[in-house]
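One structure is given here, and the rest of the page talks about it.
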Amino acid sequence: MMKHPLLIFILNLVVAALVAKGVPQVQLERWVHSGIQSFQWDQLDRCIRASPHSGNECRRFAHLSPSAVTVYTSEPRTTTAGISDKVLAILPDSYSSSGLISSKFHDAFSIGPIVNRRARRHRYQLPLPGSMTHDVVLVLDPTPSENFGHPVALFYVDLNVTKKRCSHMDGIYMGNECLTQVLKGRCQNQMKHWQTTPERLMGHGHSWLVGGVPYGTALSNSVSERLCEVHFLPLVVGAGDNNRTQRLRCVDHRDFSRCPQLVPIETPSMPISSCELNKNTRRCHQQPVSTRLSCRLYQTCDHAILISGGWRQQMTFQQHVQNLQRFYRMLRINGFQKDHIKTFFASSGHILEKLEGAYSATEKTAIRSHVSYVCRKQHCADSFVLYLNSPTRNDGTMLLWDANFNGIADLKERYSVNELLTDLAGCMASRVFLFVDQSYSGVLSKRLRSSQKHLNVVLIQREIMSIKNYQTQVDHSWEDNTWTHISPSTCLLDHLSTGASHFLDQWAGILNITLAGAPCNVTPPLTESEMRRWYQGCQNLPTALWHRKYRRIN
């Protein structure tokens, strides 16, 4: 039966009304205010211990108001038998040996546990499968203007529980309701060593469990603590839902920050594996990345790759599209040809205007192949620009797109720092510019500064937080920046030194040019015609020069 658009619209309104009824306003406000207070104390304590003199950053958490917080929640449901329909939260950076979710969620560790923020002291048992499901999941985003990869507060809400049981879970009791802050599980596997002292254990009043190991103020430094923070919106599904339907919804409320504007999608999300090979629909069809004409003999060109994964529709905002559009326009103004700009964004169902030839971010193999192709092909690229604007884990790994919709970032759905550096190692382009518009760019910066295989790779990153640690750098990536104002005559070194980028001293020699490779501050200045003929777009290489370069490289 064909679905009428008006009928679908009415049904969506009805569903929205039912969802709104699911959590009474007074009840939701109580959860949010309690959650904000709990998150404030934790972040403020951590901020002071990480950098006692960073007063401005610490005060930002101390004065956090509900109007600055975006609220996401699932609604409590009951089955026809009157039994609570429990939900489970799954993070993209959960750990899984198989990368798949058990349909009945029997094994808590097969999906990577999310555990209580605070647990009873001296308890070392592993979390039981039953403790993985709860009545409601509540997420508070205290910095909605930042790309995902920044800390968010995740809570479980259990209804109709006793004060004793809530105390046993070390939650916040609110009259038959228990609010418990939770963190990632197994994060202690990433830590190098632990230091536990009675004074530190007693300093916060309690400790808590992460995968069965006491964790909290007992850690040796704030970097280890941040490994257990939640940085993304979880996939919240019913405990018996094999379809893995997202139950988490953003709440539009006058007292909270407005919900972000999502990117429209043409068709309902469906795993690529569900597309039948004999049905060449627009939803199923994946246009191959064209590389055949990217590199021509006796010619060198400027190339660019734009990557904005998004991970899920709920984390893919209109602002991400605008970021791509602005950067794309800047490249075109600087003479980059359309055929030499490859854009990888979200899934194939998203609508992208003014971005010609955009590909799905699910094409990880195509992304890596194209980066490697441009770098390995001799004389192919003069200036090679990469723009990175994806949700990012705290180890610098980019999340591309949840192609199989299991909520976990499998190997094919993430692009790690190691993989990116491998693809760029020994790149034969004259220069490589990495414009990083995402969180935790400091991880990539540290690796590049110590590498002898990336001497022509320059990292240009956004404004970062003042805490001086590579793993705690988080961008303010939706603030207006000066990248989009780079013109054909702009000297990168002068332009970036007045902006928000850091650590440019090592690459000052490479940056003393324009984006297309023209020298800075020449006398007399180059005309527009000279810029186009000698530097922008593509230039033909003399045969003798090409062969001389070839012999030198080989």
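What's the local net charge at VAL136, with K and R +1, D and E -1, over the other residues with C-beta under 11 Å away? Residues close to VAL136 contribute a combined charge of -2.
What is the local net charge at GLY407, summed over the other residues whose Cβ is closer than 9 Å to its Cβ (Lys, Arg +1; Asp, Glu -1)? Don't jump to the answer; show the numbers that get you there.
Numbers: positive: ARG244, ARG312; negative: ASP402.
Overall, the nearby charge balance is +1.
The label-point distance for SER430 and GLN452, in a model that sets each label 7 Å from Cα toward Cβ, rounds to 2.7 nm.
Ordering CYS538, CYS228, CYS427 by the number of other Cβ atoms within 10 Å of each residue's own Cβ, fewest first, gives CYS538, CYS427, CYS228.
Please arrange GLU356, GLU419, GLU413 by how many other C-beta atoms lie within 10 Å of their C-beta, fewest to most. Spell out each step's value before the answer.
Details: GLU356 11, GLU419 17, GLU413 22.
Ordered from fewest to most neighbouring Cβ atoms within 10 Å, GLU356, GLU419, GLU413 come out as GLU356, GLU419, GLU413.
A short reminder: the numbers here are calculations on the coordinates, not readings from a lab. For clarity, every value in this text was computed on a predicted model and none was experimentally measured. For neighbour counting, all protein chains shown are included, and Cβ atoms are generated from backbone atoms with ideal geometry for every residue, glycine included.
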